[in-house]
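The values are calculated or read from the model by the stated rules, or taken from the named source; none is laboratory data. Because the structure is predicted, anything quoted here is derived from the model rather than measured. Don't worry about glycine lacking a Cβ; one is built from the backbone with ideal geometry, like all the others, and counts go over all protein chains shown.
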Amino acid sequence: MGTILDLLKDYLEGRKDVAFAFLFGSAARGKLRKEGDIDIAVYFWPEKDIEWEAFDKRYKGESSIALDLERLLKKEVDLVVLNRARAVLADEIVRKGKPIIIKDRGIFMNFLCIVSDEAEYVRNWFETYYRERRIASNR
């Protein structure tokens with residue numbers, strides 16, 4: 001049996017609906033516990049432009065991917081759809097996770113730029129908000 005990354009790559013390469021995918025969490029860090037789940041993020045080919053935070057969007061293949069991966073890996077899988085993920089989470093996954101497949105570098109780079117920019121904006125907003133609250137509470 002191959003490594004988790006090899007098994008994932010072989011499976012996801014054959015999926016025509018997935019543009020790129022990442023392994024993240026404890027499995028990506030090499031610290032997978034026997035009872036732990038495996039965190040996998042997939043980005044489905046967008047219909048038009050880059051999709052991010054498309055909260056209401058459902059993709060035909062997402063249920064079958066999760067089930068197939070659980071059977072393949074013989075472990076529980078936590079599947080994150082990057083098209084739907086909040087920017088901060090998506091940014092963490094693509095920056096700290098391990099790429100499984102990237103079928104189109106252009107789409108990946110556009111997605112990375114958009115979510116990184118949005119994640120930085122959100123982080124700065126929260127930092128400013130809490131700093132101002134702390135200053136106000138010390139008055």
Margin query: Testing Ile107 on (1) more than 15 Å from Asp17 (Cα to Cα); (2) surrounded by fewer than 19 Cβ atoms within 10 Å (Cβ to Cβ), one condition comes back false. Which one is that?
Written below: (1)
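Consider Lys9 carefully, then state whether it is in contact with a strand residue (DSSP E or B) (Cβ under 8 Å, 6 or more places away or on another chain) and over 30 Å from Trp125 (Cα atoms). It would help to see each step written out before you state the result.
Details: in contact with a strand residue (DSSP E or B) (Cβ under 8 Å, 6 or more places away or on another chain): yes; over 30 Å from Trp125 (Cα atoms): yes.
It is true that Lys9 is in contact with a strand residue (DSSP E or B) (Cβ under 8 Å, 6 or more places away or on another chain) and over 30 Å from Trp125 (Cα atoms).
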Check: Residues in segment 86-106 that are within 10 Å of the chain's Cα centre (by Cα) and either among the polar types (S, T, N, Q) or part of a loop (DSSP other than H, G, I, E, B) (or both): how many?
Finding: 2
Margin query: Among the residues that make up segment 77-85, is at least one of them surrounded by fewer than 16 Cβ atoms within 10 Å (Cβ to Cβ), over 12 Å from Asp39 (Cα atoms) and either within 11 Å of the chain's Cα centre (by Cα) or at pLDDT below 95 (or both)?
Written below: no
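Against the condition under 15 Å from the mean Cα position of the chain (by Cα), touching a residue at least 60 places away in the same chain (Cβ under 8 Å) and surrounded by 15 or more Cβ atoms within 10 Å (Cβ to Cβ), how does Ile65 come out, does it pass?
Details: under 15 Å from the mean Cα position of the chain (by Cα): yes; touching a residue at least 60 places away in the same chain (Cβ under 8 Å): no; surrounded by 15 or more Cβ atoms within 10 Å (Cβ to Cβ): yes.
Judged against the criteria, Ile65 is not a match.
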Next item on the list: Return the total of residues in segment 56-74 being modelled with pLDDT of 95 or more and touching an Asp or Glu at 6+ places or on another chain (Cβ under 8 Å).
Entry: 1
Check: What is the one condition in (1) surrounded by 12 or more Cβ atoms within 10 Å (Cβ to Cβ); (2) out of contact with any strand residue (DSSP E or B) (no Cβ under 9 Å at 6 or more places or on another chain); (3) not in a helix (DSSP H, G or I) that Asp39 does not satisfy?
Finding: (2)
Check: Taking Val115 and the conditions (1) surrounded by fewer than 20 Cβ atoms within 10 Å (Cβ to Cβ); (2) in a helix (DSSP H, G or I); (3) within 15 Å of the chain's Cα centre (by Cα), which numbered condition does it fall short on, given that it satisfies the others?
Finding: (1)
